[in-house]
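The values are calculated or read from the model by the stated rules, or taken from the named source; none is laboratory data. No experiment lies behind these values; they were computed from the predicted model shown. No Cβ is skipped: glycine too gets one built from the backbone with ideal geometry, and neighbour counts run over all protein chains shown. Only protein heavy atoms, including side chains, enter the accessible area calculation; ligands, DNA and RNA are left aside. Shrake-Rupley method; radii C 1.70, N 1.55, O 1.52, S 1.80 Å.
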Amino acid sequence: MSEERFGEFVLVRRHEQGHVAELVLDRPKAMNAVSTEMARSLAGACAALGEDRDVRVVVLTSSHERAFCVGADLKERNSFSDAELVRQRPVARGAYTGVLELPVPTVAAVHGFALGGGFELALACDVIVADRTAVVGLPEVSVGVIPGGGGTQLLPRRVGAARAAELIFSARRVEAAEAGELGLVDQVVEEGRDRESALELAARIAGNSPVGLRAAKRALRLGQGLDLRAGLEVEDAAWRSVAFSGDRAEGVAAFNEKRRPQWPGE
């Protein structure tokens, strides 16, 4: 396993087996509250991972024992002038869009608190695995703002408009069992197994065609919100991008020869 640090608060681990990268939120003294520096580092790490053709899956994890991420650094925000807050906004957005726009499948491993911007980082991932200690929510209206890291757009896409409205307007926190029932998270696992389970899922995903995975994610994301006819055109374009690829040729050959494919990744 190799490690690369992006600033003081973000760590990337590249697992030698399986083409899986781990994006670690590593600001434990602040329960991973997202400061300006941490946001800039997250964006940089995501840009590097997006360009790494050896990476097939990214798992978003936390180094803190009791929290995934408690959201924006409100102590830092309290010191900002209006002008400083305006200047900081693109930096903050860059962290959330960095995760959201990763071109490979992403899995969030959540335990403890995932609140506000912390939950939005998880929502930016394709799949959320949470252990039984997880507490999620978007409490921004309780401090006079709104979810600004994608929450007002990502949550209704996950659970529907009315459910998202209730959760955002009430600012309530949701514990793991209910979060699983409502679809706020996708898997609920035993305490302490969120990272392990997320990495296991990532390994299964990473065994598939890297060309196919990127194209499937592109079709899923671009098709959201479109009517069926338009969505099928998005799907057709993604199919055409893989139909004549080396991965497709290898996948069909391996199936017929009853062996595991050796993906060329092109």
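Tabulated data
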{"item": "Karplus (6.51, -1.76, 1.60) ³J(HN,Hα), θ = phi - 60°, over the stretch 66-74, in Hz, Gly and Pro reported as x", "result": "10, 8, 7, 5, 8, x, 4, 7, 6"}
{"item": "Accessible surface ranking that places the most exposed of E65, E196, E140 first, with a 1.4 angstrom probe", "result": "E65, E196, E140"}
{"item": "Rounded to the nearest 10 Å², the accessible area of M1 at probe 1.4 Å", "result": "110 Å²"}
{"item": "Area of L123 that stays accessible when all protein chains are in place (1.4 Å probe, Å², to 10)", "result": "10 Å²"}
{"item": "Fraction of accessible area attributable to carbon and sulfur, the chain (%, probe 1.4 Å)", "result": "53 percent"}
{"item": "Added length on full extension, which subtracts the Cα-Cα distance from 0.36 nm per residue, R193 to D52", "result": "48.0 nm"}
{"item": "Residue with peak Gaussian network fluctuation, the chain [Cα springs, cutoff 10 Å], from V188, V91, V141", "result": "V141"}
{"item": "Estimated distance in nm for a label pair at L222 and R260, the labels positioned 7 Å out from Cα along Cα-to-Cβ", "result": "3.2 nm"}
{"item": "Distant-in-sequence amide H partners of A134 (H built 1.01 Å from N, under 5 Å)", "result": "G112, A176"}
{"item": "Placed amide H near V57: partners under 5 Å, 5+ positions off or other chain", "result": "A21"}
{"item": "With Cα atoms, 0 to 90° folded angle of helix 246-256 axis to the chain main axis", "result": "60 degrees"}
{"item": "Heavy atoms of E190: accessible area, 1.4 Å probe, square angstrom to 10", "result": "100 Å²"}
{"item": "Stretch gain in nm, segment A243-S63, where the contour uses 0.36 nm per residue and the Cα spacing is subtracted", "result": "60.8 nm"}
{"item": "Exposure rule at most 13 other beta-carbon atoms within 10 Å, DSSP loop chymotrypsin sites (Phe, Trp or Tyr not before Pro): the chain longest free segment", "result": "81-243"}
{"item": "Residue-normalised accessible area of the chain, given per residue in Å² at a 1.4 Å probe", "result": "51 Å²"}
{"item": "Under-5 Å amide H pairs with G265, H placed in peptide plane, nonlocal only", "result": "V211, D247"}
{"item": "Calculated SAXS-style log₁₀ I(q)/I(0) at q = 0.07, 0.13, 0.14 Å⁻¹ - the chain, Debye, Cα scatterers", "result": "-0.25, -0.86, -0.98"}
{"item": "Candidates A165, A198, A215: whichever shows maximal mean-square fluctuation once the chain is modelled as a Gaussian network with Cα springs under 10 Å", "result": "A165"}
{"item": "Rounded D (µm²/s) - the stretch 210-257, Kirkwood Rh over Cα pairs, Stokes-Einstein at 10 °C, 1.306 mPa s", "result": "139 µm²/s"}
{"item": "Listed residues L184, L60, L85, most fluctuating in the chain (Gaussian network, C-alpha, under 10 Å)", "result": "L85"}
{"item": "Computed [θ] at 222 nm, helices only, for the chain once each DSSP H run of length n ≥ 4 contributes -39500 (n - 2.57)", "result": "-14500 deg cm²/dmol"}
